[in-house]
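Each remark here refers to the structure printed beneath this line.
The values are calculated or read from the model by the stated rules, or taken from the named source; none is laboratory data. This structure is a prediction, so every number in the text was calculated from the model and none was measured. Cβ coordinates were reconstructed from backbone atoms using ideal geometry, including for glycine residues, and neighbour counts include every protein chain displayed. Note: areas computed on protein heavy atoms with side chains; ligands, DNA, RNA excluded. Shrake-Rupley method; radii C 1.70, N 1.55, O 1.52, S 1.80 Å.
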Amino acid sequence: MKDYTVSGCIVTYNSKDKISQTIESVLQKTKGVPFTLYIVDNASTDGTADFIKEKYPEVVVIEAGGNDGFGAGHNKVLPFITSKYHVVINPDILLETDVITELSEFADTDEKIGLLSPQIRFPDGRIQELGKKNPTVRYLGAHRFHKGDGPSKIMTDYCMLDMPTDKPFEITNATGCFMFFRTSVFKELGGFDERFFMYLEDCDIARRVSEKYKALFYPMADVIHLWERESKRSKKLLLIHVQSILKYFLKWGLKF
């Protein structure tokens, strides 16, 4: 057992029916480091916060009082965490191994590591094709409208699928479904940019980490993501996604 602590945070919004599998997965698999799990509830109306308090007394529940989005929710833990490492976890993530301890041990090897991103898989074991380079119009278009069984040339480039999977490599973009931060770096950056309600806040913070520290993809460890791609089915979420894309390019410059 390590002599330092690791913290994790899940932001919930009306997640009562599905949050148990994620909480139990994270708590049951994380055994090699002292670990504290925070849940920030963004004003759920289905009783999510009370359900978690009653069923999981070891979890620290923070009620946000409103829904200001994914990044703002995760930032609510900034005043409270004193851990060495901090993990951002989606409410649709499942752990099959003690990946948090594994990432902690690897991060211990280099103090310049600010962010680690593991391999993300579907429940059936397939790799999720997720961006690892800074977004461009071409990359985002290819990602949204990609069809077919195999990745296109553009997707292979954006997701760096031609890189070796037996050793870590540097990235400038990472998925927000599971992000492993050095806590001091997460705090130094002020957490997520709260101008992004949802979507691309992960691209933004990974890029900011990579400007001063090492942001690495760590393919030897993986997590399961029950990915539903809601913005492809919901007009409201599609609008939020488009707004986030515009905010990202206004901040970083338009690249094709």
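Quick notes
- Among the listed pairs 112/251; 31/112; 31/76; 2/167; 53/212; 132/251, those whose Cα-Cα separation exceeds 28 Å are 53/212.
- Accessible area of the chain belonging to carbon and sulfur atoms, whole % at 1.4 Å probe: 53
- Gyration tensor (alpha-carbon) shape descriptor, segment 108-256, a/c threshold 1.5: oblate
- Here the extension length gained between residue 58 and residue 112 equals 16.3 nm, from 0.36 nm per residue of separation less the Cα-Cα distance.
- Shape of segment 176-256, Cα gyration tensor, a/c cut at 1.5: oblate
- Per-peptide packing, taken as the mean over residues of other Cβ atoms within 10 Å, places 42-53, 5-16 in the sequence 5-16, 42-53 from highest down.
- Cα-based shape type of segment 33-147, given that a ≥ b ≥ c are square roots of the gyration tensor eigenvalues and the cut on a/c is 1.5: oblate
- For segment 204-218, putting each phi into the Karplus relation 6.51 cos²θ - 1.76 cosθ + 1.60 with θ = phi - 60° gives couplings of 5, 6, 4, 5, 5, 4, 5, 6, 10, 9, 8, 10, 10, 8, 10 Hz, in residue order, rounded to whole numbers and with x for Gly and Pro.
- Kirkwood-type hydrodynamic radius, the chain: 18.5 Å, calculated from all non-identical alpha-carbon pairs.
- Over the chain, accessible surface divided per residue gives 47 Å², non-protein components excluded, 1.4 Å probe.
- In this rough spin-label picture, where each label sits 7 Å from Cα along the Cβ direction, the residue 144-residue 5 distance is 4.2 nm.
- Ignoring aspartates and glutamates fewer than eight residues from residue 84 along the same chain, the ones with Cα atoms less than 15 angstrom from its Cα are 3, 102, 105, 108, 110, 111, 188.
- Under-5 Å amide H pairs with residue 41, H placed in peptide plane, nonlocal only: 12, 62, 63, 64
- Mean separation of Cα contacts under 8 Å (6+ apart) over length of the chain, as relative contact order %: 24
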